[in-house]
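Report on one structure; see the data block that follows.
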Amino acid sequence: MLLSGFVGLATIIFFSMVPTPVKAVDQTVDPNLVSKLKMAATMNDRLHMLTDQQLLYNFSSNPMFSWAPGSVCNANAATWPVLSTVRATVAQLNLGPCAMLAPHIHRANNIVVAVSGSTHTYMVQENGARMVEQILTPGMMTIFPLASVHSMYNMGCANNQLYSFLDDSDPGTLNIAQAFFMMPKDIGMQVMPFINLKASNWTATAQQVPGVGTGSQEGFEACRRRCGLAETGYSGGHVVN
Ligand SMILES: *[C@@H]1O[C@H](CO)[C@@H](O)[C@H](O)[C@H]1NC(C)=O
Ligand SMILES: *[C@@H]1O[C@H](CO)[C@@H](O)[C@H](O)[C@H]1NC(C)=O
């Protein structure tokens, strides 16, 4: 199943031409405050260090916020200091028409709740496990257990929103394709000998994997055509870590 994901990915590599802006990872907004919060003995001590305003999080002001093609806006230890001592992350998932999240993993359990639209999800827990597919409509929820590979796309032609809850304030995100292409060419080609390398160059091929960007990427051709969006061509980017 994972392999078929890569075959699809190897196919879309050839349509990726236009670099997307590189944002990729959350920047820690206030490291000094985080270290003070972590040094504090009690939650009451921490609350004395935080204003009411600092106890309010605005997803719309997250630097990743975008609907084109979409975004993953994390409230976590990096973006919302109060969470640095609380084992939780909440991510707002904003998926433009057909937008998808490439296969990725976290070092945390992940529960996703749909607010709007229809979102097709895919999850593989480990070697030997079946692939679990779900369609999330408003009020429906699924789980991607710790370290499962998962992916999703917006099945509709309007914007979709979901919320994602993780049981760690630093769950990380690792995109499988980016990690795969960071391995040496000899290893990668032995796993996937069918990959057509750009100019026989592994690194140049890796750079055609759509970038992490704001956390979401353009959806696939068939969906985009159905939504009347396919004429702009596939928008890819750089490998970013
Ligand atoms: C949240 O952030 C957005 C974007 O910066 C801003 O337009 C909006 O007014 C903010 N909402 C509140 C309630 O502060
Ligand atoms: C392979 O591609 C990379 C990235 O485009 C480039 O820096 C490198 O020089 C290329 N290697 C060869 C042998 O052409």
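FYI, it's all coordinate maths here, none of it is from the lab. Only a predicted model underlies this, so the values are computations on that prediction, with no experimental measurement involved. Here the Cβ is made from the backbone with ideal geometry for all residues, glycine too, and neighbour counts use every protein chain on show.
Hey, what do the phi angles of the stretch 139-153 turn into as Karplus ³J(HN,Hα) couplings, whole Hz, using 6.51/-1.76/1.60 and θ = phi - 60°, x for Gly and Pro?
So the J values, rounded to whole Hz, are x, 9, 9, 9, 10, 10, x, 2, 6, 6, 7, 9, 8, 7, 9.
Given the peptides 215-223, 165-173, arrange them by the average over their residues of other C-beta atoms within 10 Å, most packed first.
215-223, 165-173
Take the Cα atoms of the stretch 77-178, build their convex hull, and give its volume per residue in Å³.
96
For the chain, which cysteines have no second Cys with its Cβ under 4.7 Å from theirs?
Those would be 73, since no other cysteine Cβ in the chain comes under 4.7 Å of theirs.
Provide, for q = 0.11, 0.13, 0.23, 0.24 Å⁻¹, the log10 of I(q)/I(0) from a solvent-free Debye sum over equal Cα point scatterers in the stretch 20-121.
Treating every Cα as an identical point scatterer, log10 I(q)/I(0) equals -0.41, -0.56, -1.33, -1.40.
For all pairs of alpha-carbon atoms in the stretch 31-240, what percent lies in each bin of width 5 Å, listed from the first bin to the last filled one?
1, 7, 13, 16, 17, 16, 12, 9, 5, 2, 1, 0
Relative to the longest principal Cα axis of the chain, at what angle does helix 2-13 sit, 0 to 90 degrees, rounded to 10?
For helix 2-13, the angle is close to 70 degrees.
What aspartates and glutamates could a cross-link reach from residue 38, if we take a straight Cα to Cα line under 20 Å and drop same-chain neighbours fewer than 8 places away?
Residue 38 reaches 26, 30, 52, 167, 168, 170.
To the nearest 20 Debye, how big is the dipole of the stretch 31-240 about its Cα centre, given +1 on the beta carbon of each Lys and Arg and -1 on that of each Asp and Glu?
Magnitude of the dipole: close to 120 debye.
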